[in-house]
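Single-structure report; data block below.
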Amino acid sequence: MLKLLLIGLKDLKLMFRDRAALLLMLLTPFLLTLGMGLVTGQFSGDNNSGISDIPVVIVNLDNDSLGNALVDVFNSDDLADLVEPASSQDPEAARRLVDEDEVAAAIIIPAGFTQSVIPQNNGAAPNEELTIEFYSNPSRPTSAGIIKAILDGFLARLDEMRLGGLTTITQLLASGRIQPQDANQVGEEMGERLQSAAVNGETTAITLNTSTSEQETNEFNALAYFAPGMALMFLMYTVSYGGRSILAEKAGGTLPRLLVSPTNSAQVLGGKVFGIFLMGAAQMLILIGASTLFFGLNWGNTLSVILLVLVAVFGATGWGLLITALARTPAQIGSVGSAVMLIFAMLGGSLIPLDNLPAITQALGRITPNAWAMDGFLTLALGGTLTLLSPPILALLTMGILLFLISTVLFGKKNLIQK
Amino acid sequence: MKKILAIAWKDAILRFSSPSEWLFFIILPIVFTFIFAGGVPTGDEDNRIRLVVVDQANTTISQEIIRELENSTSVRPDVLSLEEAEEQFDAREATAVLVIPAGLDMEAIQNGTAQLDFRQPPNNLDASIAERAVDTAIRRVSSVASAAKMALDEAKARGTFESAEDEQAYFTQALELAKSLQADAPERVTVIQGNTPDDFAYDPQANVSAGQLITWVFIPLFGISALFAYERQHGTLRRLLTTPTSKATFLLGTISGQVVMALVQMTLMVLFAVFAFKLNWGNPLAVYIILTCSALAAAAIGTAMGTFIKSEGQAMGLSIMAGMMMGMLGGCWYPLELFPSFMQTIAQLFPTYWSMQGLLDLLLRGAGVTGILPEAGVLILFAGVFFSIGVMRFRYE
C-alpha cells in the first residue's frame, strides 16, 4: 500500500516539475475560462441575457389615472430588482435611447389614454384608436420581452376591468334592474371600484396558489458552466499524460528497473494508476480553487464538490488507462489522447451546452465523463445537494470500473510490465 | 530553391509520419465543423424563461392557459408530466412549475373553486417573472368568466333571482355578452421595433466553417515553434550549420512548407463546407488571398514563438493554448456580435479576428477582392512584424 502511495506521489511531483504539462493542465483551462467570461460579458455586467435592473424609459403623456397607474406598476417594490424605470416627457428622446441601445424599451402612453378606455362624464365617446406605444430594442430581446410582459399584465387587468364593467351595466339594463338614466352613475361607481382593484392587481377568477420551496437556488452564472467545462476538457489531457508516463517509463527502462526491487507488477501498475488519479484530482481541485478565488465562482457544497471531483477523475482515469492499453508508443498516446480530449469536450458539453446539440450527439455524449460530471457540477452550482448527485456519481463509478477491467485485461495480454 | 523544397518536403514527411496526424489535419476539423454548425448560439434563439407546466385538467380552459403562455414574451411553457416536473424542479433544472389540477373548467371558475398551483424557489427573479406571466395568462383566459360573474354578483346585489335556473340563465347570457365584447376589444398597444444596430448577418454554417477552419489551421502553424524546438533538442539544427544553408533558406523552407500544408488543409475544409453546407465562398482569388495571408501571419507567430521556447513539449502546449485563446477571443467560436463592446475592440488585436472578418466578408457580405484587402493588409502586417522578430532572434543552438 505504501509502495502504491509512493509511486503515485512521485508521479504527482514529476507533474508539477513539468512546466510544459502544467501549461495545458492548469494555465490553458484557466485562461479559456477567463476568456469565456470576457466574451460572454460575465465580468463587465454587459451581459445580453442578464435579467435584472432592465433599463426602460416611460413617457407618460396621459398624466391621468391609468397612465399614472402604469408608471406606478413599473416603480413598484415588486419590480425594484427587475426593472430600472426612467421617465421622460419627450417620445423622440425616449425612442433615441432605444436606438442607441441605452434602454431595453420605451413605453409611450399617449395623451388622453385614460379617457379612451374609461367613458367620461361628459358623454364623449372614448377614442378607441389611442394605443400605448411599445418601442422595443431588438438587440435585447429577452429584456424587452420581460418589459412587454409586464405591460401586457397591466393591460390584461385593464381589459378585465372594462369587460366586467360593460357586461355588468349592459346586463343590468337589459334585465331592467337599473334604468338608462342611472347607468352613468352605476358605471361611475363600478369604475372607481374596478380601477382601484385593477391598479392593486386584485385576484382573478382563477386563484393562483403560490408555494415557495425551502431550497434556495443560487443565481446562475455562465462561468459556472464554462469553468467545469474547461477543467473537465483538460482533465482528459491529464489522464492521457499520465498514461503516457507509463509507456515512457517502460521505454526509458525505469519501469523494469522498479521490478528489480521487491515490488510486484500489480503494485507498480497500481501505483502508476494512482499517480494518474492524483494528478487529475490535483488539477481539478486547483482549477476549482483558482476560479473560486479569482472569479468569485460558487461551486456549491464543498464536500459534494470534492466527492464529484474524485468520481469524475476516476471515470476519466479509466479512459486514460484504456488509451494507454491500446497504444504502442508514448507519442501515440499523446496524439490519440489529444484527439479524445477534443472529441469528449465537444460530445460532453464542455465547449457548447449539450442542449444545443442534436439528440444523437447528446446521447453519444453519455459515454464521456465530461457530460456526467457537467451535470453534477451544474446541479451543485445551482445549490443542489449530494442527494441529487446519485445519477452522475453512479455513472462515473460504473464507467471507471468497466474501463479499469477492460484495461487490466488488455494490459495482461500486452505483458506491459515484465522484468 | 531546391534546398527550400527539400526542407519543406522533409517537414511534410515528419509531420505525416504518424497516421494520427490525419485526425488533426482533416478528420477532427470536419467533425467539429459539422457538429458545431448545429450548436453555437445564434443570438436569435428563444430566450424566454422556461416554465414547466403540468396539465392534469386537459380541458379547454387549461389549453387556453397554455396557449396564452405560449404567446407570452417573457416565458415559454414546456408541458411535462407531474413526475418529470417534480424531478426537474428538485434537480434545479426547472425554475418554476405551474400545475393545472384536474377539474379546472368553466363550472369551477363560476363556483369560484378554480385553482392553480405555482411552485417556485425563494428569491428567484426568473420565477417571479414567470409568476407574473401566469397571472396575465389566467387573467386573459378567465376575464370573460370574471365579467359574467361580476354581472351576476351586481345583479344579486339588486335583488334575488326567482330560481336557480334564472340565475344560471343570467350568467350564461352575461358570458355570451362578455365573449362578444372581448372579441371586439380594441388593441391597447402598438409594438414598434427600434432601430438599434443589431441586424448582423449570421449564418451558423458559414460562421462555424470559417471559425473552425481558422482555429484548426492556426494551432499547427503556431506549432512551427515545436518544430524548431525539436530540431534544436535533437541537434539537427546545429548539424545544418555545417552545410552551406543560410538562416533565411532554412526559415523559408520550414515556413513555406507549413504554409503550403495549411493551404491544402484549408482547401479541404473549404470544399467540405461547399459540399456539406452548400456554402458560397465567393471569388476564389479573394478566398486564397485571405487564406494565404492568414497562414503567413500564423506561421510568423509560430516562428517568433519558436525562438523563445526551449522544449518541444512547451511549444506544443503553448501553441494549443495560444491557438484556442486567439480563436475564442477573435470571434471564431462564438459570434463576435454577441461579445460585450469592449471585447469586440480587444478582438482586433488578434490575427484570428482579421481572418474571420475576411472570410465572413466573402461568405456573408458578398465582398470581392477589394473588399477583403484591408483584412489581408492587417494580416500581412502581423506576418511582417512577427517574421522580423523571428529572424532577428533565431539561433541554431
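What is the order of A:SER240, B:SER256, fewest Cβ neighbours within 10 Å to most? Present the calculation step by step, with values, prior to reporting the outcome.
Values: A:SER240 26, B:SER256 17.
Ascending number of Cβ neighbours within 10 Å: B:SER256, A:SER240.
With a point put 7 Å past each Cα toward its Cβ, work out how far B:LEU381 is from A:ILE360 in nm, to one decimal.
4.6 nm
Under 12 Å from the Cα of A:LYS413, which aspartates and glutamates turn up, not counting those fewer than eight places away in the same chain?
Straight-line reach from A:LYS413, under 12 Å: no aspartates and glutamates qualify.
Work out, step by step, the length gained on full extension between B:ILE13 and B:ARG67: first 0.36 nm times the residue separation, then minus their alpha carbon distance; give nm to one decimal.
Numbers: separation 54, 0.36 × 54 = 19.44 nm, distance 6.39 nm.
Contour length minus the Cα-Cα distance gives 13.1 nm.
In region B:103-221, with Lys and Arg counted as +1 and Asp and Glu as -1 at Cβ, which of these residues, B:GLY159, B:ALA178, B:VAL191, has the Cα nearest the positive end of the dipole, that is, farthest along it?
Checked the options; the winner is B:VAL191.
Hey, rough spin-label estimate for B:ASN123 and A:SER213, points 7 angstrom out along Cα→Cβ, what's it come to in nanometres?
Here the modelled spin labels are 1.7 nm apart.
Taking other Cβ within 10 Å of each residue's Cβ, how do A:THR361, A:THR33, B:THR172 sort, fewest first?
Fewest-to-most ranking of A:THR361, A:THR33, B:THR172: B:THR172, A:THR361, A:THR33.
Want the number for B:ARG393 to B:ALA6: 0.36 nm per residue separation, take away the alpha-carbon distance, what's left? Numbers along the way, then the final one.
Values: separation 387, 0.36 × 387 = 139.32 nm, distance 2.38 nm.
My answer for the length gained is 136.9 nm.
Compute the acute angle (0 to 90°) between the alpha-carbon long axis of helix B:247-277 and the principal axis of greatest extent of the alpha-carbon atoms of chain B; round to the nearest 10°.
30 degrees
Using Cα centres only, tell me the gap between region A:291-353 and region B:214-286 in whole Å.
Taking the Cα centre of each part, region A:291-353 and region B:214-286 sit 30 Å apart.
How much mean residue ellipticity at 222 nm does the protein assembly as shown get from its helices, if each DSSP H run of length 4 or more adds -39500 (n - 2.57) and you divide by all residues, to the nearest 500 deg cm²/dmol? Mind showing how you got there, number by number?
Details: 32 runs with 519 residues, N = 816.
Counting only the DSSP helices, I get -21000 deg cm²/dmol.
Restricting attention to region A:130-190, which GluC sites (Glu not before Pro) occupy a DSSP loop and are surrounded by at most 13 other Cβ atoms within 10 Å?
Values: sites: A:GLU133, A:GLU160, A:GLU188, A:GLU189; in loops: none.
For GluC sites (Glu not before Pro) across region A:130-190 that sit outside H, G, I, E and B with at most 13 neighbouring Cβ atoms in 10 Å, the list is empty.
Roughly how tilted is helix B:60-70, in degrees to the nearest 10 and between 0 and 90, from the longest Cα axis of chain B?
In chain B, helix B:60-70 runs at an angle near 30 degrees to the longest axis.
Based on the Cβ-Cβ distance of B:GLU87 and B:ALA164, what FRET efficiency does E = 1/(1 + (r/R0)^6) give at R0 = 41 Å, to the nearest 0.05?
Working: r = 45 Å, r/R0 = 1.11.
My answer for the efficiency is 0.35.
Label B:ASP153 and B:LEU263 with points 7 Å out from Cα along Cα→Cβ: what is the distance between them in nm?
For B:ASP153 paired with B:LEU263, the spin-label model returns 8.2 nm.
Order of A:THR398, A:THR317, B:THR345 from fewest to most other C-beta atoms within 10 Å?
B:THR345, A:THR398, A:THR317
Find out how many positive minus negative residues lie around A:ILE333, taking Lys and Arg as positive, Asp and Glu as negative, among other residues whose Cβ is under 12 Å from that of A:ILE333. Can you show the working numbers first?
Working: positive: A:ARG244, A:LYS250, A:ARG328; negative: none.
Summing Lys and Arg as +1 and Asp and Glu as -1 gives +3.
Using unit Cβ charges (K, R positive; D, E negative) and no other charged atoms, how large, in debye to the nearest 20, is the dipole of region B:10-94 about its Cα centre? Before the final figure, lay out each step's value.
On the way: 7 positive and 16 negative charges, 138 e Å.
Charge dipole, region B:10-94, about its Cα centre: 660 debye, nearest 20.
Counting only complete DSSP H runs, which helices of chain A cover 15 Å or more along their long axis at the Cα atoms and score a mean Kyte-Doolittle of 0.5 or above? Write down the numbers at each step before the final one.
Values: long enough: A:2-17 (23 Å, 0.98); A:28-39 (16 Å, 1.69); A:141-174 (47 Å, 0.67); A:180-199 (28 Å, -0.81); A:223-252 (42 Å, 0.76); A:265-295 (44 Å, 1.55); A:302-326 (36 Å, 2.22); A:330-347 (25 Å, 1.64); A:369-381 (18 Å, 0.55); A:390-414 (35 Å, 1.55).
Span-like helices, by this rule, are A:2-17, A:28-39, A:141-174, A:223-252, A:265-295, A:302-326, A:330-347, A:369-381, A:390-414.
For the pair B:GLN348 and B:VAL369, what calculated FRET efficiency results from E = 1/(1 + (r/R0)^6), where r is the Cβ-Cβ distance and R0 = 30 Å, to the nearest 0.05? Mind showing how you got there, number by number?
Values: r = 22 Å, r/R0 = 0.73.
FRET efficiency, B:VAL369 to B:GLN348: 0.85.
For B:LYS179, which lysines qualify as cross-link partners when the Cα separation must be under 16 Å and same-chain residues fewer than eight apart are set aside?
Within the straight-line limit of under 16 Å, B:LYS179 reaches these lysines: B:LYS149.
Calculate the FRET efficiency for A:ASP53 and B:THR307 from the Cβ-Cβ distance with a Förster distance of 56 Å, rounded to the nearest 0.05. Let's see the in-between values first.
Numbers: r = 50 Å, r/R0 = 0.89.
Once rounded, the FRET efficiency stands at 0.65.
Below 16 Å, Cα to Cα, which lysines can A:LYS272 reach? Residues fewer than 8 away in the same chain don't count.
The reachable lysines, counting only those whose Cα sits under 16 Å from A:LYS272, are A:LYS3, A:LYS10, A:LYS13, A:LYS250.
Bear in mind these aren't lab numbers, they're just calculated from the coordinates by the rules spelled out. This is a predicted model, so every value here is computed, not measured. FYI the Cβ positions are ideal-geometry reconstructions off the backbone, even for glycines, and counts take in every protein chain you see.
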